[in-house]
Amino acid sequence: MPNEEEFLKLSGLTSFNPVQQESIKAGILIGENLVVSAPTASGKTLIAELAMLRCVLEEKKKTVYIVPLRALASEKYEAFKEKYEKLGIKIAISVGDYDSSDSWLEKYDVIILTSEKFDSLLRRDISWISSIGLVVADEIHIIGDQNRGPTMEILLTKLKRLTKAQFLALSATIKNAREIADWLDAKVVESDYRPVKLYEGVYAEGKIAFYGKESIAIDGTELPEIKIVHDTAKKNKQSLVFVATRKSAEATAERIANYMADKISNADAMELKKTSEEILHALEYPTRQCERLAKCVAGGIAFHHAGLLGKQRKLIENAFKANLIKAIVATPTLAMGVNLPAYRVLIRDAKRYYALTGYSYIPVLDYQQMTGRAGRPQYDTHGEAILIAKTFEEAEDLAERYIMGETEEIYSKLASEPVLRVHILALIATETCNSLQSVYDFFSRTFYGLQYGSSSELAEKIDSIVDFLKGNRFVEQNRDKLRATTIGKRVSELYIDPDTAVKIIEGLKNSKDAKTDSSALIELLTTSLEMRPHLNVRQGEFKEIYAKISSAELLHEMPDEWDYDYEESLKSFKTALMVCDWANEATEEQILEIYNLTPGELHNKISIMDWLFYSAQEIAILSGAKDIIKDLRKTRVRVVYGIKEELLPLVKLRDIGRFRARKLFNAGFKTVEQLREAPEITLAALIGPNVAKSVKKQLSGKEDEKNFEAKGLFEFARRDN
């Protein structure tokens, strides 16, 4: 292991900061479990790296680095690979394909995973679990998140039981860090240190009132966010602007870009034009969102949200890091994503829409996640975080709520039934638990168990779910012993909700008595919880959708219009209509126009549908519905590629996706045999010389075709056009 001086040099530092020093004193280098609670950008990752080097180089053990988001996993992978592979440390990343044991990971020293991916690996009895010497749980405060939290919590509870590893949990500043430490049998390192001083302030009526330094006036009659972004750019610095919604992000970015367009240097403008063109042509046929984004980027401004394509987000992030893009207008999800520090962070919208409470103030923790991006180490002596208020009265309220406020306590979100269904089946299927009492015991060791003790409400839910699993033949009971059936184990491995599996099994049974076409299969799978949130049904659409439901051949019974889930069933049906349109070759622009679904959102939905179809195929084999497998496979390929059935033979060739296949078909090349006989020069005129050459190689047997049985088939389709 490098000594202290060598490690600091490797990290571009001259000394450890106070958070890192305190962690060393607390025993990070002698195997102590730690919870480090400190602000964003306080150097917590370096603490993990110290422990990682000790684990790998001295203890000869593996490190698993768990993150909540794929983007974070990619960022850590790239950083660690560049920094540590020169020391002979093998770095791996695994974030997709929940139906694989990824046996190749056994050869690696540091493995970076999302919590969902690691949880799926534990369901497959991986051989290297005993080799783990360090578990790093990054952003552990995520256990308070309704969606991602339960999996992280279950995963850490399992790892505490399965390994003798050192645990290091990294967290933003939270109120009950000591409670998390008690759960993990860890010491706490708490600090408010950050390497770049942060000044927090509130803008109102032409002035930013800072706490800890003099107020400043911002001239101009434009909107506050435009004035402040322009003022920041004049200092040759950058801004992040956080707004509540994707729609606001796009509109605000356009307004700022229109104002800033003639204030960009010629050299920057030339580079931005290149990036703008790449963003525009991320799809073969750009949508209006692509056009809006490209135009903004040409003006040195970008919007950033989950509705963008991954390629577009990456281009924006790289251009921002290169100081070409002067401001990014983003939804709050960016604060949880990749590391994009800026001199100024503006929070224009302190309220956000929540499903249960409507528009409400964001938590202090979310505010701190956003403001933590202010100030760039090695570039700025300080950063500025600015809340935007409409009046002085609102400014005072915002300052008291956020600048003076304390972060909230983190509470477990483990008790929701869909979460419990998935994880209780997994506990039984992996033989982690083999009785009802052992299930109770497991949950008593979770963070939920620490916070709430032996909850009768949770016990009732566990009883109900075990009965559900037994009633649907996923679990069998012999006296007090529980064991998963073959199909129960497979459902657990597929990482889908057992309730989804029940719908699939029942729907496939009904397919014997109903007309089974692609639309019926698509509609069945869109009813699953995995496809939520479903598309909203606007007031004027109810009658039209109801009429379509009435004439559709369905593989399940629709709720009565007075049932509580009737409205959700309409949303699900509308989502199915969207997927059907895509499978009938609607373009991304048409989907955006008709359904108001952005390309990023569309591709995410199609990726989920891909997995659901794969799961349905696997379930059909085990449930005796083999007659439907052919239809499932065909429909899956159609949904993944967005093609009509007539193009199926053509997209089996690598580099041939929906657009090239349609070009070939319309030119008279409808079969593989016709392509084999066609001159390469003829094909090159239609699909380009490189693709034509690839097609000819495949048809001559010198190159493999695609494997339509592959898991994650959608990844093939994304590469093709």
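The values are calculated or read from the model by the stated rules, or taken from the named source; none is laboratory data. Quick caveat, the model's predicted, so the values are computed rather than measured. Note that each Cβ is placed from the backbone with ideal geometry, even for glycine, and that neighbours are counted across all protein chains shown.
So which residues in the range 369-402 are touching a helix residue (DSSP H, G or I) at 6+ places or on another chain (Cβ under 7 Å) and not in a loop (DSSP other than H, G, I, E, B)? Don't jump to the end; show me each part of the working.
Initial filter on the range 369-402 (touching a helix residue (DSSP H, G or I) at 6+ places or on another chain (Cβ under 7 Å)): 369-370, 373, 385-389, 402.
Scanning the range 369-402 gives Gln369, Met370, Ala385, Ile386, Leu387, Ile388, Tyr402.
Scan the range 567-584 and give yes if some residue there is among the β-branched types (Val, Ile, Thr), out of contact with any Leu (no Cβ under 7 Å at 6 or more places or on another chain) and either modelled with pLDDT under 95 or outside any loop (DSSP other than H, G, I, E, B) (or both), otherwise no. Let's see the steps before the verdict.
Taking the range 567-584 and keeping what is among the β-branched types (Val, Ile, Thr), we get 575, 579.
Subsequent filtering for residues that are out of contact with any Leu (no Cβ under 7 Å at 6 or more places or on another chain) retains 579.
Cutting the leftovers down to either modelled with pLDDT under 95 or outside any loop (DSSP other than H, G, I, E, B) (or both) gives us 579.
Checked the range 567-584: at least one residue is among the β-branched types (Val, Ile, Thr), out of contact with any Leu (no Cβ under 7 Å at 6 or more places or on another chain) and either modelled with pLDDT under 95 or outside any loop (DSSP other than H, G, I, E, B) (or both).
Checking Arg178 against (1) in contact with a helix residue (DSSP H, G or I) (Cβ under 9 Å, 6 or more places away or on another chain); (2) outside the structural domain of Lys227 (by TED's automatic domain parsing), only one condition comes out false. Which one?
Condition not satisfied by Arg178: (1).
Are any residues in the range 669-721 at pLDDT below 90 and within 15 Å of Leu648 (Cα to Cα), and if so, which ones?
Glu705, Lys706, Asn707, Phe708, Glu709, Leu713, Phe714, Phe716, Ala717, Asp720
How many residues are more than 28 Å from Ala306 (Cβ to Cβ) and crowded, with 16+ Cβ neighbours inside 10 Å if we restrict to the range 519-545?
Of the residues in the range 519-545, 1 are more than 28 Å from Ala306 (Cβ to Cβ) and crowded, with 16+ Cβ neighbours inside 10 Å.
Any idea which residue in the range 403-442 is nearest to the chain's Cα centre (by Cα), counting only those that are closer than 21 Å to His141 by Cβ and assigned to a helix (DSSP H, G or I)?
Restricting attention to the range 403-442, the residues satisfying the condition of being closer than 21 Å to His141 by Cβ are 403-416, 419, 423.
From what's left, assigned to a helix (DSSP H, G or I): 403, 419, 423.
Numbers: Ile403: 29, Val419: 17, His423: 20 Å.
Across the range 403-442, the extreme among qualifying residues is Val419.
Can you tell me which residue among Pro332, Pro363 is touching a Phe, Trp or Tyr at 6+ places or on another chain (Cβ under 7 Å), outside the structural domain of Gly600 (by TED's automatic domain parsing) and surrounded by fewer than 22 Cβ atoms within 10 Å (Cβ to Cβ)?
Numbers: Pro363 fails: touching a Phe, Trp or Tyr at 6+ places or on another chain (Cβ under 7 Å).
Going through Pro332, Pro363 in turn, the sole match is Pro332.
Name the residues in the range 295-315 that are of a type in the set (A, V, I, L, M) and surrounded by fewer than 24 Cβ atoms within 10 Å (Cβ to Cβ), would you?
Filtering the range 295-315 for residues of a type in the set (A, V, I, L, M) gives 297-298, 301-302, 306, 308-309, 315.
Result: Ala298, Ala306, Leu309, Leu315.
Please go through (1) modelled with pLDDT of 95 or more; (2) crowded, with 20+ Cβ neighbours inside 10 Å; (3) more than 23 Å from Leu525 (Cβ to Cβ) for Asn666 and return the number of the only condition it doesn't satisfy.
With respect to (1) modelled with pLDDT of 95 or more; (2) crowded, with 20+ Cβ neighbours inside 10 Å; (3) more than 23 Å from Leu525 (Cβ to Cβ), Asn666 is out only on (2).
Looking only at helices (runs of 4 or more DSSP H) that fall completely inside the range 472-557, which ones have 1 or more residues that are aromatic (Phe, Trp, Tyr) and not assigned by TED's automatic domain parsing to the domain that holds Glu593?
Numbers: elements: 486-494, 498-510, 518-526, 542-551.
Fully inside the range 472-557 and qualifying: nothing.
Which one is surrounded by the most Cβ atoms within 10 Å (Cβ to Cβ) among residues in the range 93-129 that are among the polar types (S, T, N, Q) and within 23 Å of Ala51 (Cβ to Cβ)? Outline the logic, then answer.
Narrowing the range 93-129 to residues among the polar types (S, T, N, Q): 94, 100-101, 103, 114-115, 120, 127.
Narrowing further to those that are within 23 Å of Ala51 (Cβ to Cβ): 94, 114-115.
On the way: Ser94: 21, Thr114: 23, Ser115: 25.
Selected residue: Ser115.
When you scan the range 659-681, how many residues do you find that are under 26 Å from Thr587 (Cβ atoms) and either of a type outside the set (Lys, Arg) or assigned by TED's automatic domain parsing to the domain that holds Leu283 (or both)? Write out each step before concluding.
Taking the range 659-681 and keeping what is under 26 Å from Thr587 (Cβ atoms), we get 659-672, 674-675.
Now restrict to residues that are either of a type outside the set (Lys, Arg) or assigned by TED's automatic domain parsing to the domain that holds Leu283 (or both): 659, 661, 664-669, 671-672, 674-675.
Summing the residues that are under 26 Å from Thr587 (Cβ atoms) and either of a type outside the set (Lys, Arg) or assigned by TED's automatic domain parsing to the domain that holds Leu283 (or both) in the range 659-681 gives 12.
Going by the structure shown, is Tyr411 of a type in the set (Phe, Trp, Tyr), in contact (Cβ under 8 Å) with a residue 40 or more places away in the chain and farther than 28 Å from Asp99 by Cβ? Walk me through it before giving the result.
Numbers: of a type in the set (Phe, Trp, Tyr): yes; in contact (Cβ under 8 Å) with a residue 40 or more places away in the chain: yes; farther than 28 Å from Asp99 by Cβ: yes.
Taking the combined requirement at face value, the residue satisfies it.
For the range 588-616, give me the residue count where each residue is hydroxyl-bearing (Ser, Thr, Tyr), buried (at least 19 other Cβ atoms within 10 Å of the Cβ) and either assigned by TED's automatic domain parsing to the domain that holds Ala306 or within 24 Å of Arg313 (Cβ to Cβ) (or both). Walk me through it before giving the result.
Within the range 588-616, the subset hydroxyl-bearing (Ser, Thr, Tyr) is 595, 598, 607, 614-615.
From what's left, buried (at least 19 other Cβ atoms within 10 Å of the Cβ): 595, 598, 614-615.
Narrowing the set further to residues that are either assigned by TED's automatic domain parsing to the domain that holds Ala306 or within 24 Å of Arg313 (Cβ to Cβ) (or both) leaves 595, 598.
Final tally of qualifying residues: 2.
Please go through the range 217-243 and pick out each residue that is surrounded by 14 or more Cβ atoms within 10 Å (Cβ to Cβ), out of contact with any Pro (no Cβ under 8 Å at 6 or more places or on another chain) and among the aliphatic types (A, V, I, L, M).
Leu223, Ile226, Ile228, Val229, Ala233, Leu240, Val241, Val243
If I ask for residues that are buried (at least 22 other Cβ atoms within 10 Å of the Cβ), over 21 Å from Gly43 (Cβ atoms) and among the aliphatic types (A, V, I, L, M), which ones from the range 156-183 would you list?
Within the range 156-183, Leu156, Ala165 qualify.
Among the residues of the range 288-345, how many are at negative phi, out of contact with any strand residue (DSSP E or B) (no Cβ under 8 Å at 6 or more places or on another chain) and outside any helix (DSSP H, G or I)?
Of the residues in the range 288-345, 10 are at negative phi, out of contact with any strand residue (DSSP E or B) (no Cβ under 8 Å at 6 or more places or on another chain) and outside any helix (DSSP H, G or I).
Taking His141 as meeting all but one of (1) more than 18 Å from the chain's Cα centre (by Cα); (2) at negative phi, write down the number of the exception.
Every condition holds for His141 apart from (1).
Any residue at all in the range 282-292 that's in contact with a Phe, Trp or Tyr (Cβ under 8 Å, 6 or more places away or on another chain), modelled with pLDDT under 95 and closer than 26 Å to Tyr641 by Cα?
Yes, there is a match, as at least one residue in the range 282-292 is in contact with a Phe, Trp or Tyr (Cβ under 8 Å, 6 or more places away or on another chain), modelled with pLDDT under 95 and closer than 26 Å to Tyr641 by Cα.
Mind listing just one residue for me: the one in the range 14-39 that is touching a residue at least 40 places away in the same chain (Cβ under 8 Å) and in a helix (DSSP H, G or I) and, of those, surrounded by the fewest Cβ atoms within 10 Å (Cβ to Cβ)? Full working, then the answer.
The first filter runs over the range 14-39 and keeps only residues touching a residue at least 40 places away in the same chain (Cβ under 8 Å), leaving 17-19, 22-23, 26-28, 31-39.
Pick out the ones that are also in a helix (DSSP H, G or I) and you get 18-19, 22-23, 26, 28.
On the way: Pro18: 15, Val19: 24, Glu22: 19, Ser23: 27, Ala26: 19, Ile28: 24.
It comes out as Pro18.
One line per residue, one yes/no per condition, for (1) within 18 Å of Leu170 (Cβ to Cβ); (2) more than 22 Å from the chain's Cα centre (by Cα); (3) assigned by TED's automatic domain parsing to the domain that holds Leu184:
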| site | (1), (2), (3) |
| --- | --- |
| Leu29 | yes, yes, yes |
| Val36 | yes, yes, yes |
| Glu58 | no, yes, yes |
| Leu69 | yes, no, yes |
| Glu85 | no, yes, yes |
| Ser94 | no, no, yes |
| Asp99 | no, no, yes |
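Is there a residue being farther than 27 Å from Gly310 by Cβ, crowded, with 17+ Cβ neighbours inside 10 Å, modelled with pLDDT of 95 or more and of a type in the set (Val, Ile, Thr) anywhere in the range 617-634?
Within the range 617-634 (the criterion being farther than 27 Å from Gly310 by Cβ, crowded, with 17+ Cβ neighbours inside 10 Å, modelled with pLDDT of 95 or more and of a type in the set (Val, Ile, Thr)), the answer is yes, since at least one residue qualifies.
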